[in-house]
Amino acid sequence: MIAYLNGEYLPPEQACVSPLDRGFLFGDGVYEVIPSYDGKLFLLNEHLDRLGRSLAAIRLPDPMPDGGWAEMLERLLQQNPGADRSVYLQVTRGAAPRDHAFPGQATATVFAMVSPIAPQGPAVAGAGVSAITAPDQRWGRCDIKSVALLANVLARQQAADHAAVEAILLRDGLLTEGAASNVFVVTNGVVRTTPLGPAILPGITRAFLLGALRAEGRDCREEPVPEVELRAADEIWLTSSTKEVLPVTRLDGQPVGDGRPGPVWREALDRYRQERYRLMHGSAGRDVTHD
Ligand SMILES: Cc1ncc(COP(=O)(O)O)c(C=O)c1O
């Protein structure tokens, strides 16, 4: 694997970052994860827009304006050939003497690497996945894609301890999102997901899926989902750039709906893949990469 660090393309074990880097000391940085299919980045502009918003929110000037990101990411993908990959990139405020306030002088650290996207596989369509619920113990700006992810890490580990793939987070009796995903619920055919705001990350997959489902007339609502309604839902899905649309069939050990991936999930995943195919190939068709 070839990674990118501050202008250089090199094996990750040769990429060195100072221990005084503020990403290391404070989690003072932001990141993105961008999927790529057959070497083409999917929804790149949407991801770069969100990166720009995260950088602005933490008052860190964009270190690669004017098309620099796209050029670097394309070059990195060329050096890591393969079918389905995701690019992880992060920007931190750089190395400086340790002080909470911003340093007078520091150069941002830019790091990027490529990983394979694990295909969803037939087991998921057959059985779905398990999730647990956990209290949302994160901060008040979850809309910023910050590298400071300790609360998310602890929630995901709690899920892993229960052999579950995700922790679905609850705050004040309402669903927020997953530790690393957005959450959708389906009740009597109506699709609901938490409205945008500081309590959740504005997921790129979330927005894309809402658009695809609404275009075919599905009733989709961005409104608060109380915990009791989450638990009583017919279907629960997780979305993210690497998970696509994943059906949750067990929540805290109890079956969701009839305990099998539901019909609206099947429709949603099909729509998601059709729309992705259309966008990436400029024509109608079905993206079967993950079947
Ligand atoms: C907390 C959180 N919410 C939602 C998402 C989904 O966002 P996206 O669809 O942009 O990958 C992620 C992605 O990792 C996440 O970490």
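The values are calculated or read from the model by the stated rules, or taken from the named source; none is laboratory data. Because the structure is a prediction, the values reported are computed rather than measured. Note: ideal-geometry Cβ built from the backbone for every residue, glycine included; neighbour counts use all protein chains shown. Surface areas here come from the heavy atoms of the whole protein model, side chains and all, with no ligands, DNA or RNA. Shrake-Rupley method; radii C 1.70, N 1.55, O 1.52, S 1.80 Å.
Results, tabulated for the structure shown:
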item: Antiparallel %, DSSP beta bridges [both residues in the chain], to 5; result: 80 percent
item: Dipole of the chain, positive end: most advanced residue of Ala83, Pro61, Pro261 [Cβ charges, Cα centre]; result: Pro61
item: Theoretical ellipticity at 222 nm over the chain - DSSP helices of four or more residues, -39500 (n - 2.57) apiece, nearest 500; result: -9000 deg cm²/dmol
item: Solvent-accessible area per residue for region 121-281 (1.4 angstrom probe, square angstrom); result: 42 Å²
item: Per-residue HN-Hα couplings for region 76-83 [Karplus 6.51, -1.76, 1.60; θ = phi - 60°; Hz; x = Gly/Pro]; result: 5, 5, 4, 7, 10, x, x, 6
item: Cα gyration tensor shape for region 128-214, rounded if a/c is under 1.5, else prolate or oblate; result: oblate
item: Pair Asp161, Phe102: separation of 7 Å Cα→Cβ label points (nm); result: 3.9 nm
item: Mean Cα-pair separation over length for region 3-116, i.e. relative contact order, pairs under 8 Å, 6 or more apart, %; result: 38 percent
item: Relative contact order (%) - region 121-281, alpha-carbon pairs under 8 angstrom, separation at least six; result: 26 percent
item: Förster radius 35 Å - calculated FRET efficiency between Ser115 and Gln254 (Cβ-Cβ, nearest 0.05); result: 0.60
item: Accessible area of the chain belonging to carbon and sulfur atoms, whole % at 1.4 Å probe; result: 54 percent
item: Taking the chain and dividing mean pair separation by its residue count, relative contact order in percent (alpha carbons under 8 Å, at least six apart); result: 17 percent
